[in-house]
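Read through the structure below, which is laid out as structure tokens, and then see the notes.
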Amino acid sequence: MMTSVLFLLASCSEGDRLVELPEPVPDGGMSVEEAIEARRSVREYSGGTVTLEELSRLLQSAQGITSYRGLRAAPSAGATYPFTIFVVTGNVEDLPAGIYSYDPEGGSLEMKAAGFYLDELASASLGQQCIASAALTVVMAADYSVTTSVYGERGIMYVHMEAGHISQNIYLQATAMGLGTVAVGAFDEAEVRELLELEQGLTPLYLMPVGRT
Ligand SMILES: Cc1cc2nc3c(=O)[nH]c(=O)nc-3n(C[C@H](O)[C@H](O)[C@H](O)COP(=O)(O)O)c2cc1C
């Protein structure tokens, strides 16, 4: 797998480095009820590796396409889907450390930058060590205009509601797979924006470090 991922990255041009995600792990072996009961915010991780199949499942549960009409795993006002999901990885099997954006339609990750950025992301998050010690951190960023262009000012509230839906899916999916996560809202927006080189219009709303417990 490592060889094929490296080949994929090497064979693509700079700025166009795609990693096709593998089939997600089939299920976490836990019922929804059990996952809800077991869910806790987890800020300390063992340092173990998260597999690409587990990451694939996390992303599928966050924003994956779950209908032939293109509808996604989390509800969205008017199916406007204002969120882009980024992943800052440090310890994911068969995936070089870097900053990636998730393409739900393509079932792939696009590498934005190679290298280990979790320490910088932790610094941008008031030094929260859960981010530095995580295997990866999911960054949820929204383009408000996607939803406000349909719903006006009320769309701002809808985007925040949607953040909760996506975040809870990640919480429950991580729990079901025996991984730990926590919703991090305390961060310097400008610093996160700069680190991820977010395009104009995208606002980072939530960070979710994920690691083995
Ligand atoms: C909007 C929001 C922002 C949060 N921000 C942080 C944060 O920056 N750092 C952190 O460690 N936990 C953060 N949390 C997690 C809460 O501290 C946690 O949910 C709460 O202590 C209850 O614990 P539980 O999630 O285990 O039930 C946040 C939760 C929410 C809903």
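The values are calculated or read from the model by the stated rules, or taken from the named source; none is laboratory data. A quick note: this is a predicted structure, and the numbers were derived from the prediction, not measured. FYI the Cβ positions are ideal-geometry reconstructions off the backbone, even for glycines, and counts take in every protein chain you see. Surface areas here come from the heavy atoms of the whole protein model, side chains and all, with no ligands, DNA or RNA. Shrake-Rupley method; radii C 1.70, N 1.55, O 1.52, S 1.80 Å.
Kindly list the residues of the stretch 111-139 that lie in the label zone of Glu191, defined by a backbone N under 15 Å from the point 7 Å along the Cα-to-C-beta vector.
117-133
Roughly to the nearest percent, how much of the accessible area of the chain is carbon and sulfur, given a 1.4 Å probe? Mind dumping the intermediate values first?
Working: 4940 of 9880 Å².
Percent of accessible area from carbon and sulfur atoms in the chain: 50.
Might you work out the accessible area of Phe86 for me, using a 1.4 Å probe with all protein chains in place, and round it to the nearest 10 Å²?
Its heavy atoms expose roughly 10 Å² to the probe.
Set the Förster radius R0 to 35 Å, insert the Cβ-Cβ distance between Glu23 and Ala113 as r into 1/(1 + (r/R0)^6), and round the FRET efficiency to 0.05.
Taking R0 as 35 Å, the efficiency between Glu23 and Ala113 is 0.85.
Of Pro209, Ala183, Val88, which is farthest towards the positive pole of the stretch 2-212's charge dipole, taken about the Cα centre with +1 and -1 on the beta-carbons of Lys, Arg and Asp, Glu respectively?
Farthest towards the positive pole: Ala183.
Over the chain, what relative contact order in percent results from Cα pairs under 8 Å that are six or more residues apart?
Worked out over the chain, it gives 27 percent.
Might you tell me the accessible area per residue for the stretch 2-212, computed with a 1.4 Å probe and given in Å²?
For the stretch 2-212, the per-residue accessible area is 46 Å².
Nearest 20 debye, what's the magnitude of the dipole of the stretch 112-213 about its Cα centre given +1 on Lys and Arg Cβ and -1 on Asp and Glu Cβ?
Details: 4 positive and 11 negative charges, 86 e Å.
That gives the stretch 112-213 a dipole magnitude of about 420 debye.
Report the accessible area of Ile36, computed with a 1.4 Å probe over the heavy atoms of all protein chains in place, in Å² rounded to the nearest 10.
It works out to around 100 Å².
So if I take the alpha carbon set of the chain, get Rg, then get Rh from the Kirkwood formula, what is the Rg over Rh ratio?
Details: Rg = 16.2 Å, Rh = 17.3 Å.
So for the chain, dividing Rg by the Kirkwood Rh gives 0.94.
Run through the stretch 92-194 and list the GluC sites (Glu not before Pro) located in a DSSP loop whose Cβ has at most 11 other Cβ atoms within 10 Å.
Glu105, Glu153
Please report, in debye to the nearest 20, how large the charge dipole of the stretch 2-212 is about its Cα centre when each Lys and Arg carries +1 at its beta carbon and each Asp and Glu carries -1 there.
Rounded to the nearest 20 debye, it is 420 debye.
Compute the distance in nm between two label points, each set 7 Å from the Cα along the Cα-to-Cβ direction, one at Ser41 and one at Ile156.
For the pair Ser41/Ile156, the computed spacing is 2.4 nm.
Non-local amide H neighbours of Ser108 (under 5 Å, H modeled in plane, Pro and chain starts lacking H): which ones?
Leu21, Asp103
Out of Gly152, Gly106, Gly164, any idea which swings most in a Gaussian network model of the chain, alpha carbons joined below 10 Å?
Between Gly152, Gly106, Gly164, it is Gly152 that shows the largest mean-square fluctuation.
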